[in-house]
Amino acid sequence: MKNFIVLHKKPILIFTITLLVELLVIFILIRINGTEIFFRGDGQDYQNLANNLINHQMLAITPLPPYWPTSFRTPIYPFWLAFIYLIFRSYNAAIFIGAFVFALSAPLIYLIGREVFTEKVAVTAAFLSGLEPWALFQAGFIAAEQIFMPIFLLSAYFLCLYLKYSKTSHIYFSSFIMGIAVLTRPAALFFIAIFIFLALIFESKYSFWRSIKVSVLIFFIFIAVLAPWLVRNKVVLNSWQFSSASGIRSFADNVMLQEYLGKTKPGEAIDIYKQARQLVGAKSDYDLMTVENSQKISQIALKEIKTNFGAFLKMHFKDMSLFLFKNSYGNIFFDLGVPDSNVQSKISNYIQWSEIKYLDIINLIKNSSSGAKILLVLVFFWPAAAILAVMGIFTAFKQNRYNLLFWFLILWIIYFPFLVSWGDISRYRLSIHASLFLLTAAGFYRIKSSFLTLTVKND
């Protein structure tokens, strides 16, 4: 045990610091809002699923009868919650156990970074990710991210080992773990395409047929993990659909498109679930989660998107460009009870006016609370991280543009904004913390090195 701690003191230190700060944030939130805050949003759905697994041996999302099987949420996290409840007889335990597991993300980022960059880049990226405000805030929430992030990062780590050391068992293990990650959070469903693409290129240096063989095996291992869930959906729900959540997601895309086309009033609050219910005649949000209604609203939405496909692409790429610049820190400060937590929104509204009222903006900032001023400083965090990441990319390419590890980081960053740029930005951005912050740290140390070199020359 002592030898293990000595050999792994850096990842252990990173994990310990991250977990302690997470727990501090959790206790502050509990003191202000009670434990109920951690069960809002998706938390209620997952609690219903876990309850129905325990009481009715069924993956059903409704809190009351009738209990109908669903594919709206994938199975790993509901089973995880049910397991915790059966041991501790309380879902509150999942807040702290989930935070413990979530904290493993930071040392995993360190391990990934150590394979791609230098030690100091790996350490910096790990702390940036672990102590990023939204990561600290999200850690205790009853949501799939609690266990998805470390599972996903473990898969990415084994892919990095494969690309660095050419051991095919690493990529096979990586594919297996990615399947588990997808059964935890379906947003990573198509990420396996990146694995296959990189394996095709990587193995082609040996032979064409070897690259085909390895790529096919990657795919089949991945599918083998998903197969029980797909078969269950076909047998129980009479559908091969991976998740019935795809319907409401497609509908949300279409609602955003209508807003982009000017078919809704600017700034109008839109209840996506209410519109979808009216469209298919559903009585409740739970009715939208059935396979039948999911397919109906998906077909309607996709038909509209196809009709305005050019505009949809423009909207989508515009949202992608904003993915790395937006933040939802105002929501965090609101839950922490910080006065003037909506200061970012107010300034944004002032800026959007035809005549920008600079004096009003200055007075707003001047009269805002100290916490709100900190929030305004945080506005620059993500733009700065993105700019440094671009510097990191140039640095990496200057060293070796053919290094597939660097290309993996770039494809990783592109994947999630492309898939979910319209969605809950902060939660989905957790998935690119590792790749983005590794490049950010690399860019920072590149600038620091150049600055020091320039200073020495001037002396």
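If you check A139, A143, A135, which single one turns out to be crowded, with 24+ Cβ neighbours inside 10 Å, within 14 Å of the chain's Cα centre (by Cα) and within 24 Å of P75 (Cβ to Cβ)? Give the steps one after another, and end with the answer.
Values: A143 fails: crowded, with 24+ Cβ neighbours inside 10 Å; A135 fails: within 24 Å of P75 (Cβ to Cβ).
On inspection, the qualifying residue turns out to be A139.
Only one residue in T16, T70 is hydroxyl-bearing (S, T, Y) and touching a residue at least 60 places away in the same chain (Cβ under 8 Å), so which one is that?
T70
I14: surrounded by fewer than 22 Cβ atoms within 10 Å (Cβ to Cβ) and of a type in the set (V, I, T), yes or no?
Taking the combined requirement at face value, the residue does not satisfy it.
Check I297, I270 and return the single one that is surrounded by 13 or more Cβ atoms within 10 Å (Cβ to Cβ), outside the structural domain of V25 (by TED's automatic domain parsing), of a type outside the set (K, R) and in contact with an Asp or Glu (Cβ under 8 Å, 6 or more places away or on another chain).
That would be I270, the only listed residue that is surrounded by 13 or more Cβ atoms within 10 Å (Cβ to Cβ), outside the structural domain of V25 (by TED's automatic domain parsing), of a type outside the set (K, R) and in contact with an Asp or Glu (Cβ under 8 Å, 6 or more places away or on another chain).
Find the residue count for the range 224-248, including only residues that are without any contact (Cβ under 8 Å) to a residue 40 or more places away in the chain and part of a helix (DSSP H, G or I).
Selection size over the range 224-248: 7.
Please name all residue pairs, on different chains or six or more residues apart, with Cβ atoms under 6 Å, provided the first residue is in the range 365-391 and is polar (S, T, N, Q) and the second residue is assigned to a helix (DSSP H, G or I).
Sorted first by the residue in the range 365-391, then by its partner, the pairs are S368/V343.
Could you list, in sequence order, the residues of the range 25-39 that are surrounded by 13 or more Cβ atoms within 10 Å (Cβ to Cβ) and either without any contact (Cβ under 8 Å) to a residue 40 or more places away in the chain or not β-branched (V, I, T) (or both)? Please lay out each step first, then the result.
At the first step, the residues of the range 25-39 found to be surrounded by 13 or more Cβ atoms within 10 Å (Cβ to Cβ) are 25-26, 28-30, 33, 35, 37-39.
Selection gives L29, I30, N33, F38, F39.
Going by the structure shown, is F333 at pLDDT below 90 and over 30 Å from I30 (Cα atoms)?
no
Tell me whether the range 293-314 contains one or more residues that are closer than 21 Å to W68 by Cα and outside any helix (DSSP H, G or I).
no
So which residues in the range 270-292 are under 12 Å from I248 (Cβ atoms), of a type in the set (S, T, N, Q) and not in a helix (DSSP H, G or I)?
The answer is T290, and nothing else.
Of the numbered conditions (1) surrounded by fewer than 24 Cβ atoms within 10 Å (Cβ to Cβ); (2) in a helix (DSSP H, G or I); (3) of a type in the set (S, T, N, Q), S90 satisfies every one except a single condition; which is it?
Evaluating S90 over (1) surrounded by fewer than 24 Cβ atoms within 10 Å (Cβ to Cβ); (2) in a helix (DSSP H, G or I); (3) of a type in the set (S, T, N, Q) leaves (2) as the failure.
Tell me the residue from N238, N233 that is of a type outside the set (D, E) and either touching a Pro at 6+ places or on another chain (Cβ under 6 Å) or on the phi > 0 side of the Ramachandran plot (or both), please.
Unique residue meeting the criteria: N238.
Run I84 past the list (1) touching a residue at least 40 places away in the same chain (Cβ under 8 Å); (2) β-branched (V, I, T); (3) surrounded by fewer than 24 Cβ atoms within 10 Å (Cβ to Cβ) and report the number of the one that doesn't hold.
With (1) touching a residue at least 40 places away in the same chain (Cβ under 8 Å); (2) β-branched (V, I, T); (3) surrounded by fewer than 24 Cβ atoms within 10 Å (Cβ to Cβ) applied to I84, the lone miss is (1).
The values are calculated or read from the model by the stated rules, or taken from the named source; none is laboratory data. All of these numbers come straight from a predicted model, not from anything done at the bench. Don't worry about glycine lacking a Cβ; one is built from the backbone with ideal geometry, like all the others, and counts go over all protein chains shown.
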